[in-house]
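The values are calculated or read from the model by the stated rules, or taken from the named source; none is laboratory data. Because the structure is a prediction, the values reported are computed rather than measured. Positions of Cβ are generated from backbone atoms using ideal geometry, with glycine treated the same way; all protein chains shown enter the neighbour counts. These accessible areas exclude ligands, DNA and RNA; they are computed on the full protein's heavy atoms, side chains included. Shrake-Rupley method; radii C 1.70, N 1.55, O 1.52, S 1.80 Å.
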Amino acid sequence: KCKPRQYQFINVVECRCGVATKLEPMQQSSNYSAGNSNDQDQIRMIQNSNEEQLYTTIEDAHRSQHQYDEWNPDVIAYLRAVIPMSPFVSYLCYKMQLMALPYLGLQMLSIPLALKLRDQSGWIRWPSAFIIVALLGGIKTSSIELYFENVNVAIKGMFYAFTALWECSNAVYIFGGRDLMDRFGINNYQRALFAALCPAQIKFTAQGFSRDRWVRRLLHIGGYLSTFVVLRLVLRYVAETIEMYAVLEAEAIVICVSCLVHVWNVPPLLYQMFMIGYRVQVIYPYGSIYLSTHDFWSKWSRPASSLIRHMFYYPLGGRGRAFLSIPLMFLLNASSHYGVSEALVGDKSELGWNIVFGALGLVAAIEVYCDSIFERIDTGDGTRLTNKWWARIRFVLATASLRFAAYTLLHKCLNSSLHSLLGLQ
């Protein structure tokens, strides 16, 4: 799976994720000119070095062998980042009042703190990140209970979800450490503060984000939101009939939600609009196709899923100890949602959340365990091959569990229905 990357006189052996593991001196080619004594001295110096000198990181290799122009945000870039966030921040300050000050301060502190602690052990990073997450969640929940009492449930839900995405996008870097921050190109405090201003995760890239790509994303998000408007117009005439059959209502809920969640992609889309031409790519928090629980957790609330993995799944052993990591991860995930329903509808709904995440966790554990048995890697191109019969079973399990979870969440956790989801009552 690794390939050598050749510089002038050094092979950098690196894996696909871009992390170099070893520097190896290149063999002298037959057509190499021996007349250049400086080059001969360089090769001799490399070949005589010991093993410890050959091992380094990809960052050191790039610095010494492949210098490139690294972009850092300037004052204009910061101003352009603040503009799309200003309406939401203004509303947040208006509703949260004095609580907005510590909340915004912790948000801005999260990624710079992650940069400071990126090389520390997990025993230091994990408690620090947990404290940040707990403080942000506590301040937000308290402010909703105090100042959002007479606000519509839909407005409270959108506010809660948007702030949760922002919190998860920032706090996950503290859990992830250097590996995660290097993956997104956050390697100095200028970039850290710039990333904290975005309502979603951003990635610093080698090339600027083009206008054509932004237009394609605009059409993509606009298409899903337009589809929801059409579905609302159609379903309003048959909603009562559909609610008589739980299977049909669950399917309608999943279809509507998969379109409606793109509302939370609009703020990142606006942020990306102001970043056109800059070397910044926004990672949109929501996708739409949920054919398996793997797809679900990779496309549903990407910042929250990433936070849960780095917060619980990886520290508990990940795939290597799936029998322990998956059940505990889903149990802890369920308990973290008690405050959501309490803030929105005044009821913690512990049983409902436990059923939702219990069903999803059970199917996820079955998928991981059976994939390790029935999947194999094609040695030709490295793709994963799955037995057809197991693929069909996995599809049925995932489809059924996701519909069951969506139906339970709407009825038991949020005390709502399809009528409420469509805004018909």
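The residue pairs whose first member lies in segment 72-91 and is within 17 Å of residue 192 (Cβ to Cβ), whose second member is small (Gly, Ala, Ser), and whose beta carbons are closer than 8 Å, counting only pairs six or more residues apart or on different chains, are 73/81.
Just one of the listed residues (208, 176) is open to solvent by 10 Å² or more (accessible area, probe 1.4 Å) and in contact with a His (Cβ under 9 Å, 6 or more places away or on another chain), and it is 176. Can you go through 246, 195, 250, 154 and tell me which one is of a type outside the set (D, E, K, R) and within 23 Å of residue 273 (Cα to Cα)? Step by step, each of 246, 195, 250, 154 is checked, and only 195 is of a type outside the set (D, E, K, R) and within 23 Å of residue 273 (Cα to Cα).
Here is the figure for segment 413-425: residues that are under 22 Å from residue 235 (Cα atoms) and assigned to a helix (DSSP H, G or I) total 4.
For residue 109, the conditions (1) among the aliphatic types (A, V, I, L, M); (2) open to solvent by 40 Å² or more (accessible area, probe 1.4 Å); (3) under 30 Å from residue 414 (Cβ atoms) all hold with the exception of (3). Residues that are modelled with pLDDT under 90, open to solvent by 50 Å² or more (accessible area, probe 1.4 Å) and aromatic (Phe, Trp, Tyr) within segment 237-284 comprise just one, 237.
Listed by first and then second residue, the pairs linking a residue in segment 303-324 that is outside any helix (DSSP H, G or I) to a residue that is of a type outside the set (D, E, K, R) and open to solvent by less than 40 Å² (accessible area, probe 1.4 Å), with Cβ atoms under 6 Å apart and 6 or more places separating them unless they lie on different chains, are 316/325; 317/325. From the list 121, 169, 128, exactly one residue is farther than 18 Å from residue 101 by Cβ, exposed (fewer than 13 other Cβ atoms within 10 Å of the Cβ) and hydroxyl-bearing (Ser, Thr, Tyr). Which is it? Result: 121 is the single residue among 121, 169, 128 that is farther than 18 Å from residue 101 by Cβ, exposed (fewer than 13 other Cβ atoms within 10 Å of the Cβ) and hydroxyl-bearing (Ser, Thr, Tyr). Residue count for segment 131-154, restricted to those that are aromatic (Phe, Trp, Tyr) and either open to solvent by less than 60 Å² (accessible area, probe 1.4 Å) or under 22 Å from the mean Cα position of the chain (by Cα) (or both): 1. Candidates 202, 221: the one that is at pLDDT 90 or above, crowded, with 18+ Cβ neighbours inside 10 Å and either part of a helix (DSSP H, G or I) or charged (D, E, K, R) (or both) is 221.
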